[in-house]
Each structure stands twice: as structure tokens, then as C-alpha cells.
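One structure is given here, and the rest of the page talks about it.
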Amino acid sequence: LSGRCLVFINPVSGTRSGPKRFKTVHHLFHLVGLDFDAVTTTHHGHASEVVAKVDLKRYCAIVSVSGDGTLHEIFTALLARPDRD
């Protein structure tokens, strides 16, 4: 594998364990040849704001270390992009 992933970490979702879980597994990205840009969300809608503006051509995947709310934000923002096709 090769490429770069965009990783969203929500520190307040669920049991508030997102940062700890990501810290436990982040080395696996490099182990399989992937780099990543990690974004720790700071407010409701933060993931949507990033996805709406980011150059998606830079990434081979988007990863969510969060609950279903952040994942919903990501999907909704992807569908709202003018380049969604």
C-alpha cells in the first residue's frame, strides 16, 4: 500500500477514547506504507468544514476514529461537494 489518509479523531464521542485508540494504532499506518494527516475535531461541524474544503486528491482514504455523528458529518460533507462525482 501507499498513500495518505485523512484521519478524524473526535475526543468527546462515545467513551471519549478516540485519541487513546488512535495513539494505540497510528503506527500501523506506517507499517503498511500509509502516511496520514490527523485532525482532532474541536467542535460540532468541524469534520464537515474540513471535508468541504480539503483537496481530496491528496488522500487515498478518510478514516474516522469517532462515533456515528462524526461519520455522518463526513458523509454529508462528501455528498455536498461539487466534485462528488
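The values are calculated or read from the model by the stated rules, or taken from the named source; none is laboratory data. This one's a predicted model, so the numbers in the text were calculated from it and none came from an experiment. With ideal geometry, Cβ positions are generated from the backbone for all residues, glycine too; neighbour counts draw on all protein chains shown. Note: areas computed on protein heavy atoms with side chains; ligands, DNA, RNA excluded. Shrake-Rupley method; radii C 1.70, N 1.55, O 1.52, S 1.80 Å.
Based on DSSP loop calls and a cut-off of at most 15 other Cβ atoms within 10 Å, the longest stretch of the chain free of exposed trypsin sites (Lys or Arg not before Pro) is what?
Values: sites that count: ARG16, ARG84.
Within the chain, the longest run free of exposed trypsin sites (Lys or Arg not before Pro) spans 17-83.
Dipole magnitude of the chain about its Cα centre, charges +1 at Lys/Arg Cβ and -1 at Asp/Glu Cβ only, in debye to the nearest 20?
For this selection, approximately 240 debye.
Counting pairwise Cα distances across the chain, what percent come out greater than 15 angstrom?
When all Cα pairs of the chain are counted, 56 percent exceed 15 Å.
Measuring with a 1.4 Å probe in the full set of protein chains, what accessible area per residue, in whole Å², belongs to segment 7-78?
Numbers: 4520 Å² over 72 residues.
Accessible area per residue: 63 Å².
Compute the signed sum of charges (Lys and Arg +1, Asp and Glu -1) over the other residues within less than 15 Å, Cβ to Cβ, of GLY67.
+1
Got the relative contact order for the chain handy, in percent, Cα pairs under 8 Å and 6 or more residues apart?
Once divided by the residue count of the chain, the mean separation gives 42 percent.
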